[in-house]
1. Classify region 158-220: rounded, prolate or oblate, from the alpha-carbon gyration tensor (a ≥ b ≥ c, eigenvalue square roots; a/c under 1.5 rounded; otherwise prolate if a/b is larger than b/c)?
2. Could you check what % of the DSSP bridge pairs in the chain are antiparallel, to the nearest 5?
3. Any idea how far the Cα center of region 130-178 sits from the one of region 26-57, in Å?
4. What fraction, in whole percent, of alpha-carbon pairs in region 180-305 exceed 19 Å separation?
5. Rounded, prolate or oblate for region 1-151? Axes are the square roots of the Cα gyration tensor eigenvalues, ordered a ≥ b ≥ c, and the cut-off for rounded is a/c under 1.5.
6. 5 Å is the cut-off here: which amide hydrogens, built 1.01 Å from N in the peptide plane, fall below it relative to V161, excluding neighbours closer than 5 in sequence?
7. Per residue, how many Å² of accessible area does region 202-291 show with a 1.4 Å probe?
8. With the other protein chains left in place, how much accessible area per residue, in square angstrom, belongs to region 21-177 at a 1.4 angstrom probe?
Amino acid sequence: MSMKAAIAAFVRDGATVCLEGFTHLIPTAAGHEIIRQGRRDLTVVRMTADIVVDQMIAAGCVTRLVSSFVGNSSAGSLGELRRRVESADPAPLAFEEYSHYGMICRYLAGAQRLPFYPLRSYGGSDLPSVNSDLRKVTSPYPGPDGGPEQIYVVPPVNPDVTIIHAQRADRRGNTQIWGLTGVQAEAVYAADKAIVVVEEIVDDEVIRSDPNRTLVPAHAVDAVVRCPRGAHPSFAQGYYDRDNAFYRAWSHISKDPQRLQDWLDEWVRGTADHAEYVDRLGEEFWARLAVGEALSEPVDYGRRL
């Protein structure tokens, strides 16, 4: 599908939308299309809420954020998110906070359709004081001292739709990822629907030649979208580098509400689609983010003679 068609079909006002990708393969282009289509009252679930979430909040798309980290990764702050959380300016943002591992456990519970997922890492933490969904249950098994044990649990998350970015897929949706893999597979399985955005669509034979890289199989995917450079300003391992200059610039852009809206008007609302966004940046810009080869050794899977 086209990005426009996929977002129109699967992202509704009021939906719970998961956007996953860790450090690279962040589904920025999908977030921009959600902005273009003017979606409202979304709950966004993202383990590491960053620039694309800041942009979606500023565009008026998001009323609730579920996350374990918020920030402009290694480069500063998220101006719009801070204004919403700290002073409800220009409107409040509901923020549900977990740890990284707590979010992973929520995806695992959601993917397996479990009622909750146990974890020990909230012992001694003050997160339960700000999130009433972090609760304790009595373990049915003896604790380390042989007696009853109270253990923290987190609820499942089951998004209406999960959107991930990946390097490649075939037309049926068998999706391959390499480099940092994050929790994309778990987030897809936890959701009712899944959109996979890829740098390229390849023949079946390419996928079959390297089956261990298939993290998300076709039966879990509802739409495949080809969108080259769709993770910018993050990177796609093997395709283009991280745009560190943009990350540094975003702190200054997002600090000023008017400057942020002007940026959205020019680069998101003012472009028809991600292809126009890419073209507007220009080939000289993309040449600076080009990456060289770092080939993986081929493996021999063998076959019957």
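1. Details: a/c = 1.96, a/b = 1.62, b/c = 1.21.
Here region 158-220 falls in the prolate category.
2. Working: 13 of 43 bridges.
So the antiparallel bridges amount to about 30 percent of the total.
3. If we compute the Cα centre of each part, the gap is 22 Å.
4. On the way: 5038 of 7875 pairs.
Percentage above 19 Å: 64.
5. Working: a/c = 2.36, a/b = 1.76, b/c = 1.34.
Since a/c reaches 1.5 and a/b is larger than b/c, the shape of region 1-151 is classed as prolate.
6. Residues meeting the criterion, in which the H sits 1.01 Å from N, are T16, C18, D192, K193.
7. Working: 4690 Å² over 90 residues.
That works out to 52 Å² for each residue.
8. Details: 6320 Å² over 157 residues.
Heavy-atom SASA per residue in region 21-177 reads 40 Å².
The values are calculated or read from the model by the stated rules, or taken from the named source; none is laboratory data. All values reported here derive from a predicted model rather than from experimental measurement. No Cβ is skipped: glycine too gets one built from the backbone with ideal geometry, and neighbour counts run over all protein chains shown. Ligands, DNA and RNA are excluded from the accessible area calculation, which covers all protein heavy atoms including side chains. Shrake-Rupley method; radii C 1.70, N 1.55, O 1.52, S 1.80 Å.
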